[in-house]
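Here's the structure, in structure tokens; my notes come after.
The values are calculated or read from the model by the stated rules, or taken from the named source; none is laboratory data. On a predicted model such as this, the values are computed, not experimentally measured, just so you know. Here the Cβ positions follow ideal geometry from the backbone for every residue, glycine too, while neighbour counts run over all protein chains shown.
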Amino acid sequence: MTGPWGLLLGAWVMWLFIGAYAITPSSILSVVMSSFGIREAAAAWIITMPQVSATLVGLPIGMYLDRVDNRLAITGSTFVLAFAGVWGWLAGDAGAYYWLLASRLVGGITLVTLWTATTNVLSNAFPVSQRATAIGVFSTGYPTGYAFGQFAGPMVATRLPWAATFAVFGVGTLLGYAIFAFAGRKLTIDRGAGSTPELADFKAVLTNPGVWGVCALSFFVYMLYMVFNGWMPTYMAQTFDLSLTRSGLFTAIFPAIGLLSRPLGGAISDRLFEQRRRPVVLVSFLGSGVAVVGLYYSATVALLLGSLVVAGFFIQLQIGLLYTYVQEFIAPNVAGTAIAIVSVVGWGPRSWDPSPWAR
């Protein structure tokens, strides 16, 4: 498969492995704690370090990407991530906790670089009439990678040293990159009109009310997403006397429904609303509000599950759309900066508390 859809497939596979790398070693945390002789808080930092470093360097990375060829940045960052994965394996095997954290920090820098650059490339590879749909599909790769990492991590750890999970998932991104590079080898991607951005261009992004409005949406929707994922298992166990295993299984419905709603949000915007983004955002928040009320008043497990599905659908309906929406407030030559700002603001809440990542 070549052309824009081949690019999308390659990018999605890349983020399947990146998501797995980012969440590792959540599913084998007890093994990690035993290996290093550390407590949960120290072990959780291994999981959260990529997200923390991505949040800290996201803005300057976005500004840098607006001045360079994003496809070259994707190439370099993918190989650096593979290196960071192998480095993490060696550090974990050697019991070198701080070197492992350093490898994860480097991995986090590549994470935000790859997210911003890939979103930018895909946005310019697709026509405006398909752009939000494509980014919506792309945005499902990361959470699917979390599920993949949680599932495959223990399997890798039973056949290889536990630290090999970093290398397996880090090097695995090269598979997606190979598809991405093959699909785009003859594709000319127009970044849009505009010269290399200057200081005034970056200032225009940072002072644009529309950009910060989308950032506020990003912060709020990711906060809701994090709260539901982290709080719902305990709430279900305490309110309906369910085991943590069953409540965790039921809660998994919430992120899983995003595989449908994220692309659908983009498709509805592109086709039904003729590339208008605001109606989808409004529908998302209205539906989310109704679902939250339904969750509060649910008297049975069946009603609770129904409300959880509705909440998962509407909360995630706008997630992929936001990265397209923010680009419509700024000039094309500073799109990377805008995407990075929205990403950093949205991801920020996850890096404050490592506990949801360790669950």
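Assess whether Gly76 counts as being touching a residue at least 40 places away in the same chain (Cβ under 8 Å) and over 22 Å from Leu321 (Cα atoms). It is false that Gly76 is touching a residue at least 40 places away in the same chain (Cβ under 8 Å) and over 22 Å from Leu321 (Cα atoms). Of the residues making up segment 240-257, those that are in contact (Cβ under 8 Å) with a residue 24 or more places away in the chain and either among the β-branched types (Val, Ile, Thr) or not assigned by TED's automatic domain parsing to the domain that holds Leu286 (or both) are Thr251, Ile253, Ile257.
Of the set (1) at pLDDT 95 or above; (2) within 20 Å of the chain's Cα centre (by Cα), all apply to Pro209 but (2).
Among the listed residues Leu286, Leu295, Leu303, Leu260, identify the single one that is part of a helix (DSSP H, G or I) and touching a residue at least 40 places away in the same chain (Cβ under 8 Å). It would help to see each step written out before you state the result.
On the way: Leu286 fails: touching a residue at least 40 places away in the same chain (Cβ under 8 Å); Leu295 fails: touching a residue at least 40 places away in the same chain (Cβ under 8 Å); Leu303 fails: touching a residue at least 40 places away in the same chain (Cβ under 8 Å).
Testing whether each residue is part of a helix (DSSP H, G or I) and touching a residue at least 40 places away in the same chain (Cβ under 8 Å) leaves just Leu260.
If the condition is being touching a residue at least 60 places away in the same chain (Cβ under 8 Å) and buried (at least 20 other Cβ atoms within 10 Å of the Cβ), then segment 267-283 contributes Ser269, Asp270, Arg277, Val281. Consider Thr300 carefully, then state whether it is in the same structural domain as Arg278 (by TED's automatic domain parsing) and either hydroxyl-bearing (Ser, Thr, Tyr) or farther than 15 Å from Val121 by Cα (or both). Yes: the conditions hold for Thr300. Residues that are touching a helix residue (DSSP H, G or I) at 6+ places or on another chain (Cβ under 9 Å) and without any contact (Cβ under 8 Å) to a residue 24 or more places away in the chain occur at least once in segment 38-51. Of the residues making up segment 133-151, those that are more than 9 Å from the chain's Cα centre (by Cα), of a type in the set (Phe, Trp, Tyr) and within 22 Å of Trp5 (Cα to Cα) number 1.
A single entry from Ile315, Ile319, Ile341 fulfils the requirement of being aliphatic (A, V, I, L, M), surrounded by 24 or more Cβ atoms within 10 Å (Cβ to Cβ), modelled with pLDDT of 90 or more and more than 17 Å from Ala132 (Cα to Cα): Ile341.
Among residues of segment 48-86 being among the charged types (D, E, K, R) and not in a helix (DSSP H, G or I), the one that is surrounded by the most Cβ atoms within 10 Å (Cβ to Cβ) is Asp66. Residues in segment 8-28: is at least one among the polar types (S, T, N, Q) and either at pLDDT 90 or above or within 18 Å of Arg185 (Cα to Cα) (or both)? There is no residue in segment 8-28 that is among the polar types (S, T, N, Q) and either at pLDDT 90 or above or within 18 Å of Arg185 (Cα to Cα) (or both).
Restricting attention to segment 205-236, which residues are within 30 Å of Gly248 (Cβ to Cβ) and without any contact (Cβ under 8 Å) to a residue 60 or more places away in the chain?
Hits for segment 205-236 are Phe220, Val227, Trp231, Thr234, Tyr235.
Here Leu59 fulfils each of the conditions (1) under 21 Å from Ala338 (Cα atoms); (2) touching a Lys or Arg at 6+ places or on another chain (Cβ under 6 Å); (3) among the aliphatic types (A, V, I, L, M) apart from (2).
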